[in-house]
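Following: one structure in C-alpha cells, then a few remarks.
The values are calculated or read from the model by the stated rules, or taken from the named source; none is laboratory data. For clarity, every value in this text was computed on a predicted model and none was experimentally measured. When we count neighbours, we look across all protein chains shown, and the Cβ atoms used for this are built from the backbone with ideal geometry, even at glycine. For accessibility, only protein heavy atoms count, side chains too; no ligands or nucleic acids. Shrake-Rupley method; radii C 1.70, N 1.55, O 1.52, S 1.80 Å.
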Amino acid sequence: MKNIEENKIRDYTPVLEATFGKVGTAEWDKSVEEAEAFYTGQMLRESRREMHMTQSELAAKLNVTKSYISRIENGFITPSVTVFYRIIAALGMRVEIVKPIG
C-alpha cells in the first residue's frame, strides 16, 4: 500500500525559487520572461510546421532572415509586437483581444 504522504499535493515554490530566484525578484521575472519567450517560440514553430512551411519560407514572407525565425522559435529573442502580428498573419492565424465581461 502506498504511503499517504506520497499522495499529498506539494508546494513546489521552494524548489522553483531555488532554481529561478524568489518570486517577485528581478531574477524570477527574468526566468518567467525567458519561459514565455520559449513557449511563444514553440507555439509559432508548431503553427509553422502545421502549415508545412519552412523557416526559410516564413522568413521570405516577412522579409527577415531564416536565422531570425530560428532565434524566435528557440526562445532566444522575443519579436516586437509588430513582428509577432506579421508572423501570426503569415501563418494564417489571428490574434483576438477580448475585453472581459463584468
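Observations on the model:
- Computed over protein heavy atoms with a 1.4 Å probe, the carbon and sulfur contribution to the accessible area of the chain reaches 58%.
- Candidate lysines for bridging to Lys22, where Cα separation is under 19 Å - those fewer than 8 sequence places away on the same chain excluded: Lys30
- 5 angstrom amide H check on Gly75, placed H, neighbours 5+ away: Gly41
- Heavy-atom surface of the chain, accessible at 1.4 Å and reported per residue (Å²): 78
- Ellipticity at 222 nm from helices only: DSSP H runs of n ≥ 4 in the chain, each -39500 (n - 2.57), divided by the residue count, give -18000 deg cm²/dmol.
- Estimated from the Cβ-Cβ distance and a Förster radius of 30 angstrom, the FRET efficiency linking Glu96 and Tyr12 is about 0.40.
- Length-normalised contact order of the chain in % [C-alpha pairs under 8 Å, at least 6 apart]: 22
- Placing a label point 7 Å from the Cα of Lys66 along the Cα-to-Cβ direction, the residues of the range 21-54 with a backbone N closer than 14 Å are 53-54.
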